[in-house]
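What follows is a short report on a single structure.
Nothing in this text is a laboratory measurement; each read-out follows from the coordinates by a stated rule. Since we're looking at a predicted model, the values are computed, not measured. Glycine also receives a Cβ, built like all others from the backbone with ideal geometry; neighbour counts cover every protein chain displayed.
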Amino acid sequence: MARHSFGGGGNRCSLSITRFIASFVVRLARKFQKLFTRDAAESLWEHACRWTHPVSSRRILATIDKAELARLREHYPYRPNARKINAYENANYWVGVNVKRVQDLWLDRSPPLDILDLGCGPGYFLYLCRLFGHEGLGLDPDDEPFFRGATKFFGVSRVVARINAQTPLPDLGKQFDLVTAHRVCFHRIARRDNGEWLEWTEADWKFFINDLRTKFLKPDGRLLLEFNRRADGSSFFTPELRAFFEAQGARIVRWKALLATDPAERPRFKTGSGGL
């Protein structure tokens, strides 16, 4: 009986091991599949390009008085239920984020450019751009008091304005080599009952892009739109939106779309020849 009982346990044990191995193989297969996705390949290429022209976050951080940023946050406390990502006084984090943005657009080694940053927030991106010799102007609504203090702290000029669908942006009196918008959310109109966002239509995007092209971009200018992922982790670029942006001449890399003044041109992230 003991031997029989042992044998039965062995069968159950073998079945458990088999199931574990099968589950492990499935998970491993999924991981390998992710390694060969378009997103993974583009991510690897971005990292490789950054590696060819490194930028020292440490040296940039040394130019920022973090104690003064902390005092600024005390003066402008968090709004109720603010997310941790809104810890804009965390210079270590935001300098790291914006170093990558500067590298991806090759702004650390391009000639001086005139840059307009839509939704400039606290001004980290334009502050870094100035360190590399560029002239910048931000555009943002005046909803967040901390941004008001931070842009002044960083010496970033900004125009107070809101981006709305089918509404021309104010005339700024000049054109730019580069217009950027990071972690775009102005296209979100309202939440539906199921929690999903009601977003701009393709007609709204076409109006917005045409407004920027005709009013703000120099003849050889570039427009960068960087999007958040959707709530389920998927790309902002649904098949329909990817087709639309590509029809507008966009070069799409991961969650970013780069457009030229001329819709017939496919711009590169790197200025000049070469690069993505």
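Structure notes:
- P(r) histogram, all alpha-carbon pairs of the range 182-234 included - 5 Å bins from 0, percent: 4, 15, 21, 25, 15, 9, 6, 3, 1
- When the C-alpha to C-alpha distance is required to be over 18 Å, the pairs from Lys100/Lys206; Lys174/Lys270; Lys100/Lys256; Lys215/Lys270 that qualify are Lys100/Lys206; Lys174/Lys270; Lys215/Lys270.
- Mean projected area of the convex hull spanned by the Cα atoms of the range 118-276, taken over all viewing directions: 10.2 nm².
- Here the range 133-253 is treated with +1 on each Lys and Arg Cβ and -1 on each Asp and Glu Cβ, and its dipole about the Cα centre works out to around 200 debye.
- Equivalent ellipsoid semi-axes, the range 190-276, via Cα gyration tensor eigenvalues times 5, rooted, Å: 26, 16, 10
- Toward the positive end of the charge dipole of the range 152-276, with +1 on the Cβ of Lys and Arg and -1 on the Cβ of Asp and Glu, the farthest Cα among Ala260, Pro239, Gly155 is that of Gly155.
- Antiparallel DSSP beta bridges within the range 76-201, percent to nearest 5: 20 percent
- Difference of contour (0.36 nm per residue) and Cα-Cα distance, Ala231 to His75: 52.9 nm
- Loop GluC sites (Glu not before Pro), the range 66-160 (other Cβ atoms within 10 Å of the site Cβ: 15 or fewer; DSSP): none
- Selection from Gln175, Leu198, Leu128 lying farthest towards where the dipole of the range 106-242 points positive, charges on Cβ: Leu128
- Pairwise Cα inverse-distance average, inverted: Kirkwood Rh of the range 109-205 (Å): 14.7 Å
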